[in-house]
Structures are given as structure tokens and as C-alpha cells.
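Data first, discussion second: the structure below is written as C-alpha cells.
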């Protein structure tokens, strides 16, 4: 029903960012009705013990999580849990709240099952995220994707990452350092080895001073070449962080079915969805082979079908995340994947 009726209506009459707003408000309202959460959970959640896994000290009910960007401000994680996700990555969270880039900033490429976004880390800031997490005790594993404010120069970026990390340390289960989003000016320059290492070392210093360390991962771009990926792997090993999230969105526009003029008119932004599926899998496979499977990987990018999910796991991912696939495929997204993965066991 979703793909044949609901999605066509939404896509026809509403802009992408308007749909997201409506979905967030709709889910909050719907799940406030007594009994709805139980009904939705009983239909969409499946409990397959064979799909459970432990990774960096956390116990996941299944491999499928929600990628960062959907629940930016930590106000929807418990509702999303009812659709079968094992973990939700909130954010990207920055120290100060910011509006992000000017609208329109989110675009659909329906023929390609893709999105282009240049949201620009729009969120209400670290204090609001902490307030939401305190108010609504998480019933699911929560990751936090952390970033810098747009107006913070790169030479001071480490201070922003440290502020968010320190402030939210007691409220979330793991952290992901986002230095690969293409929608913040010059952010990708932080992916060079020295800058990346400096940020990670200072975060680890804070981590080591806490009563309980939290897993720390880094999210990388699909546009890195092999030498750049090798540099990231070196940093991961040298700083002893817990893993890599592969991958973020891409700036490339290769082999799209959407009219070239339409794509050019949209302009800059990160492309997500099926067009990056193969490249994301290539990066996962390269990291897994290069590290002999010793560095945990969360695989993200172009997961729409159960076979897409299985491909990421076969390539070396320990967990996977979806976002664009959830938008296009609907509420049964996670259930279909988990039922398929159970058969492969």
C-alpha cells in the first residue's frame, strides 16, 4: 500500500522536506495514542535470535539501523524503534543550534531512487539534544553523529567536536565523527590524515577520562581514493577508535537516469540512495580486506532491498544503516531485510 498509494501521493503533492516534517509530526501524534506502539511493533518487528550481534560492547537485536539525518534532534528514536530498527543514529549534532543552508535543500531523483541534500547540519544544538534524551529515555541503542558549526573555522573545529562529545557522553551509546559531509564548506578538508588524527586524539583523551568509555567511529566519504582510505585506516589503528561508518553521501553525479538538466539545476549537495550502492560496497570491501576484518564497519549507502543489505554484510560490514531506502520502501523496510537475512543463516 505504501509504494502503490501513499508514496505516490506524498511525492506528487509535497516537497521532500515538507514530507519529512509531516512524517515526524505524524509519527509523534500517532504513537501518542495508547496501544498504537504495541500494534506497530507486533507487525513490523521480528525477533530472530540468530540476527543478534555484539559489536564494540553493545548488543544489537539485528544488523539494521537508521542512519544519521532522519532524527536530527533526538526526538523520534523511540517511535522509529517500533519499525524494527536495532539502533538509531541521531544528528548530526553541533554545539550551537543552526538553521542550515537556505531552502530548497532536499531534492528527489525518483527515477534513480535517490535524494540530493544540502541541509547543512540543521539542528537545534547539543543542549536541546541532551534535553530530549533526558526527557524520553531511549528504549533502543542510540548513536550520535557529531559535527562542527558552519561558522566555526576548520582550525577550531576540534573544539566543536569535543564540546558535543563531552556534553552528550552520558546520554548516548556510541559516537560517530562526521568529517565527510559535502554540505558544510571545506569540511572535507578535515579528512586529511593530520586533521583527522588530531580530532580523534582529543576526543579519545576526553573518552579516557570518563568513568565508562563510549565507542567512537568515523564516517567517511565514498569519494576518497585508496590512499586516502589507507590514511583513515592508519588513523583508526593509531588512535584505537572502534570502527568506520562507510559511507556518507557523494558529490558525484555519475550514470544517473534523471535528466541531466534537472540535476544541474538542483546544484550542489550530497547524493544518496541507489546510485551510491556499488561505490559504498566497494569501500566496505576494501576496508575489510585491508584490515583483515579487524576494524568493525557500519555499512551505509544504497540499501533498498534485502539483497542490498546482504551484499553490504558479505562485503565486510558488521551492521548496516538505511535512510533513503526507508523513505522509498516504506515502513516494512527493516522487516523485509531481517526476514531475508534469517534465511541466509
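The values are calculated or read from the model by the stated rules, or taken from the named source; none is laboratory data. Everything numeric in this text was worked out from a predicted model, so none of it was measured. With ideal geometry, Cβ positions are generated from the backbone for all residues, glycine too; neighbour counts draw on all protein chains shown.
For region 255-265, filtering for residues that are modelled with pLDDT of 95 or more and out of contact with any strand residue (DSSP E or B) (no Cβ under 9 Å at 6 or more places or on another chain) leaves 5.
Results for (1) touching a helix residue (DSSP H, G or I) at 6+ places or on another chain (Cβ under 6 Å); (2) part of a helix (DSSP H, G or I); (3) crowded, with 19+ Cβ neighbours inside 10 Å, shown as yes or no for each residue.
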| position | (1), (2), (3) |
| --- | --- |
| 97 | no, no, no |
| 103 | no, no, no |
| 107 | yes, no, yes |
| 115 | yes, no, yes |
| 128 | no, yes, no |
| 131 | no, yes, no |
| 134 | no, yes, no |
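The set of residues from region 26-40 being loosely packed, with under 15 Cβ neighbours inside 10 Å and in contact with a helix residue (DSSP H, G or I) (Cβ under 8 Å, 6 or more places away or on another chain) comprises 28, 30.
On the stretch given as region 234-251, residues that are assigned to a helix (DSSP H, G or I) and within 25 Å of residue 64 (Cβ to Cβ) total 1.
Determine whether residue 51 is touching a strand residue (DSSP E or B) at 6+ places or on another chain (Cβ under 7 Å), within 29 Å of residue 307 (Cβ to Cβ) and surrounded by 11 or more Cβ atoms within 10 Å (Cβ to Cβ). Here the answer is no, as residue 51 does not meet what is asked. Checked against the criterion of being assigned to a helix (DSSP H, G or I), closer than 17 Å to residue 92 by Cβ, at pLDDT 95 or above and touching a helix residue (DSSP H, G or I) at 6+ places or on another chain (Cβ under 9 Å), the candidates 158, 177, 172 yield just one match: 158. Considering the conditions (1) modelled with pLDDT of 95 or more; (2) under 18 Å from residue 125 (Cβ atoms), residue 183 is excluded by exactly one of them, (1).
Taken over region 80-95, residues that are within 20 Å of residue 61 (Cα to Cα), crowded, with 22+ Cβ neighbours inside 10 Å and in contact with a helix residue (DSSP H, G or I) (Cβ under 7 Å, 6 or more places away or on another chain) amount to 5. Of the residues making up region 313-333, those that are within 15 Å of the chain's Cα centre (by Cα) and either farther than 15 Å from residue 84 by Cα or part of a helix (DSSP H, G or I) (or both) number 6. Selection of region 288-302 for residues being more than 15 Å from residue 55 (Cβ to Cβ), part of a helix (DSSP H, G or I) and touching a helix residue (DSSP H, G or I) at 6+ places or on another chain (Cβ under 7 Å) yields only 290.
For region 81-95, a residue qualifies if it is outside any loop (DSSP other than H, G, I, E, B) and in contact (Cβ under 8 Å) with a residue 60 or more places away in the chain, and the qualifying residues are 87, 89, 90, 91, 92, 93. Of all residues in region 1-18, those being free of Cβ contacts under 8 Å to residues at least 24 places away in the same chain and within 23 Å of residue 335 (Cα to Cα) number 5. Set side by side, the residues 325, 301 differ, and just one is on the phi < 0 side of the Ramachandran plot and touching a residue at least 40 places away in the same chain (Cβ under 8 Å), which is 325. Only residues that are surrounded by 15 or more Cβ atoms within 10 Å (Cβ to Cβ) and over 21 Å from residue 233 (Cβ atoms) were counted across region 253-277, and they come to 13. Residues of region 195-235 that are in contact with a helix residue (DSSP H, G or I) (Cβ under 8 Å, 6 or more places away or on another chain) and under 18 Å from residue 143 (Cα atoms): 200, 203, 204, 206, 207, 213, 214, 216, 218, 220.
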